[in-house]
Amino acid sequence: MSRVIPVDFAGEGEGEDVLSWGQREIWQAFVEQETWMPIGGTVPLPAGHTLDESVERLRYLMSRYQSMRTKLVFEEDGPPRQVVHGAGTIGLEVVDAGEADPAEVGRAVQQRYAETPLDFEAEWPVRMAVIERHGTPTHLVAIMSHFVMDGHGSVVMLAESERHETAPVDGLQALEQVQWQRSAAGQRQSAAAIRHWESTMRAIPLRRFAGAGDPQQPRYWRGELTSVALDLALRTLGARTQVDANAIMLTVYAVTMARVGGVNPVATRLITSNRFRPGLAAVVGPVSQTSLCSLDVAGLPFAEALDRVRRAALTAHKYGYYDRARLEEVKAEVFRDRGPELDLDCFYNDRRGPARPERFSPAEIRAALPQTEFGWPVKRDEVYPRTFFNVDDGTLFGTTGRILLHIEIDTHFVPPAAAEALLFGIEETAVNEATA
C-alpha cells in the first residue's frame, strides 16, 4: 500500500533557454544509450526520523537547486530546451512495508523508479519515497536523473543537505552558464576546443583495439576487477614520483592499452569535470564533458610515458568545454573524410578522490596479488559505448584499501578476452613498475 504527499516548494531563479554545454553533453548520452541514467539508491533512516523530516528534506532540495526544478520542452528538430521553474509541487510517495522486510521493499521501489521511463517534459527529475513499517519511517529511496547533477555535483548536494546549508547557492547556474557560453569569451573557448578535437580526430588511429570483436549474446558486458595490490602499487608510485594519482593511473592504463590493444597512440575520451573553471566548482548540475586525448606511449620507459601523459591530459582537459552542437558538425566532416570505421566511442573515467602516497615494499605489494578478484557481473542488451573504462576506490562501495576497475564493452567490437587482459594487464603494469 502507498500514498503520495504533495510537497510544495519555491526557489530562486526561473526562465527558459537552450541547454547548457554540460546539459547537452548528458542529453546526448541519454539519446545514444537510450536511458535517462537514473542514479541514487535506498538508505536506512536513523531511529526517530519522522515523515515530516523527509517532507522538509525534499522541499529543501527542490527549493535550493535549480537543476531539481528543471523540465524540458521538446521541439521538432534539435535538442530540447530547459525550463527552470520558480515554484511547484512534487509528490513524496509513502510505502507501507506491512510485514515485509522494509529494506527489500525499498529496493523494489528503487527498481521500479529506475526502470520506469522519465517524462522530462511533465515530471520533475527526481523520485523519492519513504518506506514505513507500522507507521515508522525506516528507509528513504531517492532516484534522480543524471541531468540533475554529475559526480562532483552529487558530493556538493549531499554535503549541503546534510548541514542544511542556507547560504545562497554557489556558482553559475545552468541559465547563467548559457549566457556566458554565448559571450565572446565562451565562443573563443569553444572554438579552440573544437580545433583541438578536429586535429586529434584526424591524427589518431581508426581503431582502439586491433583485430575483430567477439560477438556475444547478450551483446554488452561489464567486467570488474578489484585489487589490493593495484592500490598499494599506485600509492607507491605516487610516493616515488610525487605525481598526481590520476596521472599515474592514466599512464598505467595507456601503457597497458597500447600493449594489449595493439594500437598506438592510445586515444580515449577523458571525462573532464570542468570544476576548475570559474563559477563551476560547486554547481549542482551537469558541467562535465568529454575531451579527446591521444597518448603516444608504446615502448617508453615509465617516467617518460608519465611525463607525456601528464602533458597530453592537461591539454585535453583544457579543451574539454565546448558547444556540442558545433562539435557534431565537425565530427561529421571528419567522418566523411576518414570513413565510418573511425572509432571515437572509447571513454576513460577516474572517479577516485585524492589518494595518500605511501611506499610499500615489493614483498607487500606482491603478497596482495592473490586477493585480486575478477568477474563479468553484468551482461545486457541495453545500448552502451563500445568501451567505457572506470576507476574507483573502495570508499564508493563501502570498502577501503582496494581499487575497482570496471570496463563496459560492446562485444561486437571488443572481445571479452581482450578486455579481461586489459584489466589484469593494468594491475601487472603497476605492480611491476612499483616493485622494480
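The values are calculated or read from the model by the stated rules, or taken from the named source; none is laboratory data. What you see is a predicted model; the values in this text were computed from it and never measured. Methodologically, a virtual Cβ is constructed for each residue, glycine included, from the backbone with ideal geometry; neighbour enumeration extends over all protein chains shown.
May I ask you to verify whether Ile409 is at pLDDT 95 or above, buried (at least 17 other Cβ atoms within 10 Å of the Cβ) and closer than 21 Å to Pro265 by Cα?
Numbers: at pLDDT 95 or above: yes; buried (at least 17 other Cβ atoms within 10 Å of the Cβ): yes; closer than 21 Å to Pro265 by Cα: yes.
Taking the combined requirement at face value, the residue satisfies it.
Only one of the listed residues (Glu16, Glu56, Glu34, Glu76) is touching a residue at least 40 places away in the same chain (Cβ under 8 Å), of a type in the set (Asp, Glu) and under 28 Å from Glu176 (Cα atoms). That residue is Glu16. Applying the criterion of being free of Cβ contacts under 8 Å to residues at least 60 places away in the same chain and outside any helix (DSSP H, G or I) to the residues of segment 167-207, the residue that is surrounded by the most Cβ atoms within 10 Å (Cβ to Cβ) is Ser183.
Within segment 91-99, can one find any residue that is of a type in the set (Gly, Ala, Ser) and touching a helix residue (DSSP H, G or I) at 6+ places or on another chain (Cβ under 7 Å)? Yes; the residues of segment 91-99 include at least one that is of a type in the set (Gly, Ala, Ser) and touching a helix residue (DSSP H, G or I) at 6+ places or on another chain (Cβ under 7 Å). In the set Leu396, Leu369, only one residue is surrounded by fewer than 21 Cβ atoms within 10 Å (Cβ to Cβ) and modelled with pLDDT under 95; that residue is Leu396. A single entry from Gly279, Gly353 fulfils the requirement of being at pLDDT below 95, outside any strand (DSSP E or B) and closer than 25 Å to Leu172 by Cα: Gly353. Of the residues Thr42, Thr70, the single one that is of a type in the set (Ser, Thr, Tyr), surrounded by 17 or more Cβ atoms within 10 Å (Cβ to Cβ) and either more than 30 Å from Arg182 (Cβ to Cβ) or not assigned by TED's automatic domain parsing to the domain that holds Phe120 (or both) is Thr42.
Given Leu342, Leu327, Leu423, which one is touching a residue at least 12 places away in the same chain (Cβ under 8 Å), more than 30 Å from Val178 (Cα to Cα) and either part of a helix (DSSP H, G or I) or touching a Gly at 6+ places or on another chain (Cβ under 9 Å) (or both)? Step through it out loud before you land on a result.
Details: Leu342 fails: either part of a helix (DSSP H, G or I) or touching a Gly at 6+ places or on another chain (Cβ under 9 Å) (or both); Leu327 fails: more than 30 Å from Val178 (Cα to Cα).
Going through Leu342, Leu327, Leu423 in turn, the sole match is Leu423.
For beta carbons closer than 7 Å, sequence separation of 6+ or different chains, a first residue in segment 138-165 that is in the same structural domain as Gly98 (by TED's automatic domain parsing) and a second that is surrounded by fewer than 19 Cβ atoms within 10 Å (Cβ to Cβ) and among the β-branched types (Val, Ile, Thr), the qualifying pairs are His139/Val43; Leu140/Val43; Met144/Ile39; His146/Ile39.
Going residue by residue through segment 415-428, is there one that turns out to be in contact with a strand residue (DSSP E or B) (Cβ under 9 Å, 6 or more places away or on another chain), among the small types (Gly, Ala, Ser) and more than 17 Å from Gln216 (Cα to Cα)?
First, the residues of segment 415-428 that are in contact with a strand residue (DSSP E or B) (Cβ under 9 Å, 6 or more places away or on another chain): 415-416, 418-420, 422-424, 426-427.
Narrowing further to those that are among the small types (Gly, Ala, Ser): 418-419.
Within this subset, residues satisfying the condition of being more than 17 Å from Gln216 (Cα to Cα) are none.
Within segment 415-428 (the criterion being in contact with a strand residue (DSSP E or B) (Cβ under 9 Å, 6 or more places away or on another chain), among the small types (Gly, Ala, Ser) and more than 17 Å from Gln216 (Cα to Cα)), the answer is no, since none of the residues qualifies.
Among residues of segment 268-292 that are more than 21 Å from Val309 (Cα to Cα) and touching a residue at least 60 places away in the same chain (Cβ under 8 Å), those with a beta-carbon under 6 Å from a residue that is of a type in the set (Asp, Glu) and buried (at least 24 other Cβ atoms within 10 Å of the Cβ) at least six positions away or on a different chain give the pairs Pro286/Asp150. For the structure I just gave you, tell me whether Ala316 is assigned to a loop (DSSP other than H, G, I, E, B) and not β-branched (Val, Ile, Thr). Considered against the rule, which asks whether it is assigned to a loop (DSSP other than H, G, I, E, B) and not β-branched (Val, Ile, Thr), Ala316 comes out as no.
Rundown of residues vs (1) touching a helix residue (DSSP H, G or I) at 6+ places or on another chain (Cβ under 6 Å); (2) of a type in the set (Ser, Thr, Tyr); (3) farther than 26 Å from Leu327 by Cβ, yes/no style:
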residue	(1), (2), (3)
Val4	no, no, yes
Val7	yes, no, yes
Glu12	no, no, yes
Ile26	no, no, no
Val43	no, no, yes
Glu53	no, no, yes
Arg57	no, no, yes
Phe74	no, no, no
Val83	no, no, no
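Would you check if there is a residue in segment 392-400 being in contact with a His (Cβ under 9 Å, 6 or more places away or on another chain), part of a strand (DSSP E or B) and closer than 26 Å to Leu158 by Cβ? If you could, list the steps in order and put the result at the bottom.
Filtering segment 392-400 for residues in contact with a His (Cβ under 9 Å, 6 or more places away or on another chain) gives 392.
Keeping just the survivors that are part of a strand (DSSP E or B) gives 392.
With the extra rule that they be closer than 26 Å to Leu158 by Cβ, the set shrinks to 392.
Yes, segment 392-400 has at least one match.
With respect to the stated conditions, Val263 fails to be of a type outside the set (D, E, K, R), surrounded by fewer than 23 Cβ atoms within 10 Å (Cβ to Cβ), over 22 Å from Leu292 (Cβ atoms) and in contact (Cβ under 8 Å) with a residue 40 or more places away in the chain. Please determine whether any residue of segment 221-232 is among the acidic types (Asp, Glu) and in contact with a helix residue (DSSP H, G or I) (Cβ under 6 Å, 6 or more places away or on another chain). No, every residue in segment 221-232 fails to be among the acidic types (Asp, Glu) and in contact with a helix residue (DSSP H, G or I) (Cβ under 6 Å, 6 or more places away or on another chain).
Can you spot a residue in segment 220-229 that is of a type outside the set (Val, Ile, Thr), under 28 Å from Pro357 (Cα atoms) and in a helix (DSSP H, G or I)? So that I can check it myself, show each step before the final result.
At the first step, the residues of segment 220-229 found to be of a type outside the set (Val, Ile, Thr) are 220-225, 227, 229.
If we keep only those that are under 28 Å from Pro357 (Cα atoms) too, we end up with 223-225, 227, 229.
Next cut, in a helix (DSSP H, G or I) only: 229.
Checked against the condition, which is being of a type outside the set (Val, Ile, Thr), under 28 Å from Pro357 (Cα atoms) and in a helix (DSSP H, G or I), segment 220-229 yields at least one hit.
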